[in-house]
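For reference, the structure discussed in these notes is given below.
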Amino acid sequence: MPMNRVNYAAMSDRELRQYFLRHRQDKQALRAYLDRLADRPLHIITTVEYPEFEVKIEAAVMAQMQEENKNGETTI
């Protein structure tokens, strides 16, 4: 099996995500992308006990979709 010479570290998050979506068999690309996500601090949107839990979740999903559309990204 040939050695993979793709430099994932040189790619932006968007580039790495797009690369993996085009090369789904490249498990190293998936691992690099997942490692990046895991290294980020968690952003807690709400808790189950919050009275308007569903409203907060819907707002967060809509904000994420708008951000991705603004950046020309495709939601998975």
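Quick rundown of the values:
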read-out	value
Excluding exposed DSSP-loop GluC sites (Glu not before Pro) (at most 15 other C-beta within 10 Å), longest clean stretch of the chain	1-48
Dipole axis of the chain (+1 Lys, Arg; -1 Asp, Glu on Cβ), positive-most option in Thr47, Gly72, Gln18	Gln18
Percent carbon-and-sulfur accessible area, the range 14-76, ignoring ligands, DNA and RNA, probe 1.4 Å	57 percent
Heavy-atom accessible area per residue - the chain, 1.4 Å, Å²	86 Å²
Stokes-Einstein translational diffusion, the chain - Kirkwood Rh over all Cα pairs, 0.890 mPa s, 25 °C, in µm²/s	166 µm²/s
Label zone at Arg5, where the point sits 7 Å out along the Cα-to-Cβ direction: the range 21-50 residues whose backbone N lies under 14 Å	none
FRET efficiency, Leu21 to Lys70 (Cβ-Cβ, R0 25 Å, nearest 0.05)	0.85
Within the chain, longest stretch free of exposed trypsin sites (Lys or Arg not before Pro) [DSSP loop, at most 14 other beta carbons within 10 Å]	25-76
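The values are calculated or read from the model by the stated rules, or taken from the named source; none is laboratory data. Being a predicted model, the structure only gives us computed values, none of them experimental. Because the Cβ atoms are built from the backbone with ideal geometry, glycine has one as well, and the counts that use them run over all protein chains shown. The area values use the complete protein model at the heavy-atom level, side chains included, leaving out ligands, DNA and RNA. Shrake-Rupley method; radii C 1.70, N 1.55, O 1.52, S 1.80 Å.
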